[in-house]
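Since the structure comes first, as structure tokens, the remarks are kept for the end.
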Amino acid sequence: MFDIAVIGGGAAGLCSAITAKDTNPSLKIAVFEANSRVGKKLSVTGNGRCNITNKNITLQRYRSNNGSFFEFALNSYNLSKTEEFFDNLGVPFVFEGDKAFPAALQAASVVDALRFECDALGIELLTDAKIEKLEKTNGIFTLFCNGKKHSAKAVIAAFGGMAGLNKFGADSKNYNLLLNFGHSLIQTKPSIVQLKTEPQIVRQLKGIKVDCKVCAIYNGKTLQSDFGEVLFCDYGLSGPPILQLSHLYNTNKKLEISLDLASAYTHEQLFYICKNRQSTLTHRPAGEFFTGFLNKRVGQVILKLSGVNINDDISAIKYDNIKKSVSLIKDFKFIVTGTTGLQNAQVTSGGIDTKDFYPDTLESKKVSGIFAAGELLDVDGDCGGFNLQWAWSSGMLAAHSAVRFIKGDK
Ligand SMILES: Cc1cc2nc3c(=O)[nH]c(=O)nc-3n(C[C@H](O)[C@H](O)[C@H](O)COP(=O)(O)OP(=O)(O)OC[C@H]3O[C@@H](n4cnc5c(N)ncnc54)[C@H](O)[C@@H]3O)c2cc1C
């Protein structure tokens with residue numbers, strides 16, 4: 001009989017098991033992990049460097065169908081609590097701008113540190129241990145795993161979401177563990193994901209990266225903007241600012257992405273620059289008009305879209321062609337037709353409805369003794385360490401609540 005059974009040995013599960021055991025070392029705690037090792041997804045986060053949290057954790061960086069459900073957990077278990085937790089594990093943070101990373105800049109070392117701490121505290125880490133069914137009878141939980149039954153007084157559900165489907169242990173059947181107790185599911189959708197667009201233009205630019213301002217536009221209104229490197233792909237657009245804005249497609253199906261390829265200049269300044277180029281670069285063919293100012297291939301596509309015959313002389317470029325080029329450079333627009341799906345997403349938008357959980361304990365309103373943490377809940381954040389912070393904050397809160405539950409003083 002375990003005091004606390006944690007389902008899922010990912011970021012939230014490992015953090016909650018350590019926090020619970022630290023709080024009450026006499027508790028018998030087990031982590032059940034479906035994969036052959038814990039922290040498989042965590043070990044590839046942040047391109048292998050683990051963007052572990054962010055200096056600026058604000059509520060605006062998170063989304064849920066249930067208002068600011070996440071507020072209590074994030075405020076109570078904030079950056080300094082997270083730094084303290086990881087300092088105790090021998091993992092100090094370094095900052096790049098607002099983004100925090102482990103000093104080793106190695107995601108795998110974060111997993112190692114969590115694993116070593118579990119071993120040192122006597123937490124049982126059971127791998128290749130997928131929980132297939134969860135029941136509660138007479139106040140005790142039964143967890144069904146590999147043909148065996150395990151008992152526990154409390155359960156922390158931390159089995160993650162659907163992002164990275166088929167890669168990291170995600171399985172839509174996991175949600176049944178909670179749905180069977182009467183919880184509901186908010187439809188799952190990909191977030192922090194590449195965007196598909198109409199293919200004609202992006203295909204011509206496949207493989208090119210441009211630094212630019214990116215605006216997500218719906219009904220002519222800019223919803224959000226970001227700066228950074230955008231990658232043209234045969235299916236659409238990728239790169240950090242695209243991933244950052246991608247969640248907007250979940251709520252705005254007619255989303256457009258506009259790239260400002262020369263954000264340092266106004267329309268007028270850019271028009272002046274172009275007129276100047278035309279009078280000074282007379283020796284060039286029209287197709288080389290933007291060479292040196294824009295990526296060569298991007299420049300040629302812009303010229304063609306503006307009606308310029310790239311085999312003409314530069315002098316053949318007309319006033320209207322220049323006007324059109326300037327408009328395209330400042331507002332290179334792509335209609336979003338979809339995303340590359342949950343299998344390529346970093347995070348799940350949607351998940352188990354948080355209305356069925358108390359925000360200040362993360363205990364289920366449907367079944368006492370079940371606590372939830374991490375991505376399985378309908379909470380998702382921006383790119384930049386915000387999702388791992390949710391895993392740490394909710395993991396610590398669920399752990400303290402579960403320990404109090406076992407003690408009998410909720
Ligand atoms: C490529 C990639 C890069 C990312 N980079 C970052 C980043 O740099 N910063 C950031 O903040 N976020 C990042 N994220 C998001 C972040 O990894 C997740 O938000 C976070 O891991 C969620 O933690 P979790 O514990 O809820 O879920 P997970 O880490 O997914 O852990 C859930 C665990 O539960 C196990 N499990 C599932 N079902 C069962 C079951 N039935 N029984 C037993 N075990 C089960 C799974 O195998 C898994 O190990 C990234 C995601 C991806 C895919």
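Using only side-chain charges placed at the Cβ, +1 for Lys and Arg and -1 for Asp and Glu, the dipole size of the chain relative to its Cα centre rounds to 920 debye. Relative to the longest principal axis of the Cα atoms of the chain, the long axis of helix 386-407 makes an angle of roughly 10 degrees. Calculated FRET efficiency, residue 87 to residue 36, Cβ-Cβ distance, R0 = 35 Å: about 0.75 to the nearest 0.05.
The helix-based estimate of mean residue ellipticity at 222 nm for the chain, built from -39,500 (n - 2.57) per DSSP H run of four or more residues and divided by its residue count, is -9000 deg cm²/dmol to the nearest 500. Residues of segment 375-410 falling in the label zone of residue 95, defined by backbone nitrogen less than 16 Å from a point 7 Å along Cα to beta-carbon, are 384-386.
Placing dummy labels 7 Å off each Cα toward the beta-carbon, the span from residue 135 to residue 204 is 6.4 nm.
For segment 236-364, a simple Cβ point-charge model (Lys and Arg +1, Asp and Glu -1, everything else neutral) yields a dipole of about 760 debye relative to the Cα centre. Take every Cα pair under 8 Å whose residues are at least 6 apart in sequence, average their separation, divide by the length of segment 194-340, and the relative contact order is 29 percent. Compute the FRET efficiency between residue 318 and residue 211 as 1/(1 + (r/R0)^6), taking r as their Cβ-Cβ distance and R0 = 25 Å, and round to the nearest 0.05. The calculated FRET efficiency here is 0.30. Residue by residue, segment 112-121 carries 3J(HN,Hα) couplings of 4, 4, 5, 5, 4, 5, 4, 4, 4, 7 Hz when phi is fed to the Karplus relation 6.51 cos²θ - 1.76 cosθ + 1.60 (θ = phi - 60°); x denotes Gly or Pro. Extension gain, residue 264-residue 66: 0.36 nm per intervening residue step, less the Cα-Cα distance, totals 67.4 nm.
Quick one: Cα centre-to-centre distance for segment 234-296 and segment 109-176, in angstrom? With segment 234-296 and segment 109-176 each reduced to a Cα centre, they are spaced 48 Å.
Normalised by the number of residues in the chain, the mean separation of alpha-carbon contacts (under 8 Å, six or more apart) gives a relative contact order of 25 percent. Given +1 at the Cβ of Lys and Arg, -1 at the Cβ of Asp and Glu and no other charges, the dipole of segment 1-158 around its Cα centre is 500 debye to the nearest 20. Extending 7 Å from Cα along the Cβ direction at residue 128 and again at residue 151 yields two label points whose distance is 2.7 nm. Compute the helix-to-body angle for 267-280: its Cα long axis versus the longest principal axis of the chain, expressed 0 to 90° and rounded to tens. So the inclination is approximately 50 degrees.
Would you look at the GNM of the chain, springs on alpha carbons closer than 10 Å, and say which of 137, 53, 348 moves the most? Judging by the Gaussian network model, the answer is 137.
Note on residue 184 and residue 288: their simple-model spin labels are 6.5 nm apart, each label 7 Å out from Cα toward Cβ.
Length available on full extension from residue 47 to residue 305: 0.36 nm per residue minus the Cα-Cα distance, which gives 89.3 nm.
Across segment 89-231, the convex hull enclosing all Cα atoms gives 216 Å³ per residue.
For the chain, the convex hull spanned by the alpha carbon atoms encloses 137 Å³ per residue. Summarising the amide proton neighbourhood of residue 223: residues at separation of 5 or more, or on other chains, whose placed amide H is nearer than 5 Å comprise 216, 217, 218.
Each reported figure results from applying straightforward, stated rules to the coordinates on display, with no laboratory input. Just so it is clear, the model here is predicted, and its values are computed rather than measured. Reconstructed Cβ throughout: ideal geometry from the backbone, glycine too, with neighbour counts over all protein chains shown.
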